[in-house]
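Have a look at the structure below before the remarks.
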Amino acid sequence: MDHQKVLTIVSSVKFSVSLFFIFLSFSGIVEATDTTKINNYLVESLSLIGTDDSTAESLSNKALSDSKKIGYSSGEASAQMRLGIIRLHEGKNLSALSHFRKALEIRKSIHDQKGTASAFREISYVYRATNNLDSAFYYCIKAMSIYENLQDGHELAINYLDLGTLYLDYNNSAKSKYYFDKALDLFESKSDTTFLGMAYNSLGLYYFEQNENLRAIANFEKALQSNLTNGQLYSVTQNYSNIAACYVNLKQYAKAKTYYNRSLQYYNENGFQYEKAIVLNAIGKLFQSAGQKDSAIFYLYSGINVAKETGDLDLQSRAYGTLSEIYQNSGEYEKSLETSRISSALNDSIINTEKVEQIAEMQTLYETDKKDREIRLLNNENELKSLESKSRQVKLNFALYFLVIIGSFLGLVYFQKQKLAKAKAKSDTLVVEKELLIEEIHHRVKNNLEVISSLLELQSFGINDAVAKAAVIEGRSRVQSISLIHHKLYATDELASIEFKQFSEELFEQISKVFTKPGFDVQLNIRTIPLLLSADIAVPIGLILNELITNSFKYAIQEGKLAIITISLQTTETPAMYKLIYSDNGDGIPEAFNAATATSLGIKVIRLLTRQIGGNLEYYNSNGSVFEIPFYNK
């Protein structure tokens with residue numbers, strides 16, 4: 001069955017299901033559900049997020065259930081977004097990501113560009129919360145691209161703030177300031193005062209990170225005035241706390257306490273216990289810096305008591321850690337030891353709790369996904385029974401039309417056959433000539449690359465500086481990798497593609513001849529699905545593997561120890577996308593390593609080529625270094 005027929009049948013089924021529910025509604029069997037009621041649920045749930053998450057979740061689930069009943073895709077996507085925001089607010093990042101991805105899938109299916117961009121933005125927030133900055137940056141850029149095409153100045157300005165914050169996380173202060181300024185200019189040009197306070201607050205955080213406290217205060221004050229004018233009281237209290245932090249840095253503790261007290265007053269009046277605990281802890285640290293021990297201890301214990309009510313183990317742990325420092329500095333070592341032990345115990349409890357919650361979260365996701373699959377399977381079975389009945393009638397009707405059409409068609413076939421035979425003979429000749437030409441091009445490119453490789457080898461003989469010589473040898477290795485690709489292209493019948501497994505083996509052998517030293521024992525494991533790489537993809541994949549294998553020989557392989565290099569190739573859920581996984585059993589990636597800021601030419605090459613082939617580089621340690629490179633094989 002072709003794609004168009006499938007779409008036609010599915011559309012018919014959806015229409016029939018919609019009529020079925022309308023019938024039930026008029027019969028009094030199902031309560032009438034309309035989009036207005038769903039939208040009201042969504043508006044109310046959004047207003048409650050952060051203040052009453054339980055009610056917000058209940059309303060979002062109602063909206064989700066009712067939207068599915070009437071086939072209201074936009075409502076279903078919005079409900080998934082609300083649930084994702086609630087989970088993100090709770091710190092349940094896996095669940096949040098699952099909801100946002102479901103929303104993204106629906107937004108794309110209904111061609112909702114703005115909704116798609118919004119889903120990309122929320123996914124970026126999840127990755128930033130988990131400190132996966134590369135992925136956060138990737139989705140932030142995708143959102144920005146859509147907003148630019150839509151010429152949506154308001155959303156684009158917010159996106160600039162997100163991008164500036166990410167660059168601040170990357171310690172790229174120049175880029176961070178650039179995007180904060182762009183957001184501010186855009187808000188001002190459109191007289192968009194609602195988010196003006198957010199822009200000034202972001203600039204204040206930038207100057208705070210640069211330790212320019214006076215300029216930070218000036219921007220926080222502007223944010224404060226804007227938020228007061230717009231009645232955004234929660235943001236006002238954040239501005240108070242930010243200004244207080246600047247005065248702490250300036251050692252103007254009286255002013256700092258004044259602003260902290262203003263925040264505290266708002267949180268007390270509105271019942272925000274979590275935020276109240278944070279401010280109490282900050283005031284305690286303020287008095288610690290001012291050398292006022294008793295006041296510091298009083299506020300820290302006050303913060304601990306509130307944090308116990310909210311169940312915030314992290315804040316309790318940090319407060320007890322500060323108390324331990326105060327007691328140690330005052331010579332009360334027994335109390336210092338006691339509070340230090342409590343801090344450590346709480347920290348251990350946080351780690352265990354996070355593990356339990358993560359397992360429970362993953363189990364919930366599994367059960368939910370399983371239930372969804374069962375519902376879809378049951379619906380599909382009912383739809384198929386209905387389709388089979390209709391299909392029999394359709395076949396009878398088409399059989400009559402077919403008999404009439406086939407006679408006319410056979411007549412046309414005879415006259416076209418002779419014409420096609422002549423055209424085919426000419427086409428076959430052109431194909432042979434084209435293949436010979438392509439084969440000759442690949443052969444000449446390969447020869448030219450070998451000449452360059454030989455010149456680099458000769459050049460390396462005359463270099464005494466070890467660093468320069470190593471750079472020339474690595475450059476020669478890259479040239480040989482590209483040369484191998486062109487050799488494989490003209491040496492096989494497939495002039496436009498390369499078999500991945502054989503190519504990887506030959507590339508490894510080629511590199512090992514250059515870098516293997518006496519005492520090295522290296523084992524290569526290749527686990528791959530059968531795949532022919534297109535010529536456009538083979539070159540970047542070959543260069544990426546060249547850099548990774550070279551790095552393993554340079555840093556992971558040690559004399560007297562069996563070194564194991566594993567190259568895996570897997571399919572993904574996305575059509576035409578595959579995942580290359582490279583690993584070795586060396587000492588692993590250093591803790592402080594960050595590919596985004598690495599100065600190594602090899603890492604830069606890997607990152608740029610990964611983006612070129614449509615992927616996003618991920619890396620981690622698992623019994624050695626592991627690099628994951630997703631790519632499209634076009």
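What to note about this one:
- When residues of region 206-248 are limited to those that are open to solvent by 60 Å² or more (accessible area, probe 1.4 Å) and of a type in the set (D, E), the one farthest from Y167 (Cα to Cα): E212
- Residue selection: N623 satisfies the criterion of being open to solvent by 80 Å² or more (accessible area, probe 1.4 Å) and more than 17 Å from S135 (Cβ to Cβ).
- Top-ranked residue in region 23-48 [being of a type outside the set (D, E), over 33 Å from the mean Cα position of the chain (by Cα) and modelled with pLDDT of 50 or more; ranked as most open to solvent (accessible area, probe 1.4 Å)]: T36
- Tally of residues being crowded, with 23+ Cβ neighbours inside 10 Å and closer than 14 Å to A96 by Cα across region 49-80: 5
- Residue ranges of strands (runs of 3 or more DSSP E) in region 557-634 with at least 3 members touching a Ser or Thr at 6+ places or on another chain (Cβ under 9 Å): 562-571, 577-584, 625-632
- L203 being in a helix (DSSP H, G or I), within 28 Å of the chain's Cα centre (by Cα) and buried (at least 21 other Cβ atoms within 10 Å of the Cβ): yes
- Residue in region 105-116 that is surrounded by fewer than 22 Cβ atoms within 10 Å (Cβ to Cβ), among the acidic types (D, E), touching a residue at least 12 places away in the same chain (Cβ under 8 Å) and closer than 27 Å to N40 by Cβ present: yes
- Some residue of region 575-582 being surrounded by 14 or more Cβ atoms within 10 Å (Cβ to Cβ), more than 17 Å from F508 (Cβ to Cβ) and modelled with pLDDT of 90 or more: yes
Let's see how each residue does on (1) more than 22 Å from the chain's Cα centre (by Cα); (2) among the aliphatic types (A, V, I, L, M):
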position: D536; (1), (2): yes, no
position: V539; (1), (2): yes, yes
position: L543; (1), (2): yes, yes
position: S552; (1), (2): yes, no
position: T566; (1), (2): yes, no
position: T572; (1), (2): no, no
position: L608; (1), (2): no, yes
position: R611; (1), (2): no, no
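- Lone qualifier among G331, G321, G271, G291 - being among the small types (G, A, S), within 30 Å of F195 (Cα to Cα) and either in contact with a Cys (Cβ under 9 Å, 6 or more places away or on another chain) or surrounded by fewer than 21 Cβ atoms within 10 Å (Cβ to Cβ) (or both): G271
- Residue in region 177-184 that is at pLDDT 90 or above and under 20 Å from the mean Cα position of the chain (by Cα) present: no
- Residue in region 151-159 that is among the polar types (S, T, N, Q), more than 22 Å from A96 (Cα to Cα) and not in a helix (DSSP H, G or I) present: yes
- I123 under 21 Å from S45 (Cα atoms), of a type in the set (A, V, I, L, M), touching a Leu at 6+ places or on another chain (Cβ under 8 Å) and buried (at least 19 other Cβ atoms within 10 Å of the Cβ): yes
- Every residue from region 249-268 that is open to solvent by less than 30 Å² (accessible area, probe 1.4 Å) and closer than 18 Å to N211 by Cβ: A256
- As a summary of the residue check, I541 satisfies the conditions (1) modelled with pLDDT under 90; (2) open to solvent by 10 Å² or more (accessible area, probe 1.4 Å) except for the one numbered (2).
- Counting only residues that are closer than 18 Å to I141 by Cβ and touching a helix residue (DSSP H, G or I) at 6+ places or on another chain (Cβ under 6 Å), region 98-113 holds 5 of them.
- Some residue of region 92-99 being under 29 Å from A592 (Cα atoms), assigned to a helix (DSSP H, G or I) and touching a strand residue (DSSP E or B) at 6+ places or on another chain (Cβ under 8 Å): no
- Taken over region 507-523, residues that are open to solvent by 40 Å² or more (accessible area, probe 1.4 Å) and either among the aromatic types (F, W, Y) or in a helix (DSSP H, G or I) (or both) amount to 5.
- Filter result for T599 (closer than 21 Å to F137 by Cα, open to solvent by 80 Å² or more (accessible area, probe 1.4 Å) and either β-branched (V, I, T) or modelled with pLDDT of 90 or more (or both)): yes
- In region 552-564, the residues that are within 16 Å of I603 (Cβ to Cβ) reach residues that are open to solvent by 80 Å² or more (accessible area, probe 1.4 Å) and in a loop (DSSP other than H, G, I, E, B) with C-beta atoms within less than 8 angstrom, at least six apart or across chains, in these pairs: Y555/D587; A556/D587.
- The residue that is most open to solvent (accessible area, probe 1.4 Å), among those in region 177-200 that are outside any helix (DSSP H, G or I) and free of Cβ contacts under 8 Å to residues at least 40 places away in the same chain, is K190.
- Hits in region 133-170 - residues which are open to solvent by 10 Å² or more (accessible area, probe 1.4 Å), more than 19 Å from L205 (Cα to Cα) and of a type in the set (S, T, N, Q): S145, N149, Q151
The values are calculated or read from the model by the stated rules, or taken from the named source; none is laboratory data. The structure displayed is predicted, hence computed values, not measured ones. A quick note on method: Cβ atoms are made from the backbone with ideal geometry, for glycine too, and the neighbour counts reach across all protein chains shown. Just so you know, the surface numbers come from the protein's heavy atoms only, side chains and all, with ligands and any DNA or RNA stripped out. Shrake-Rupley method; radii C 1.70, N 1.55, O 1.52, S 1.80 Å.
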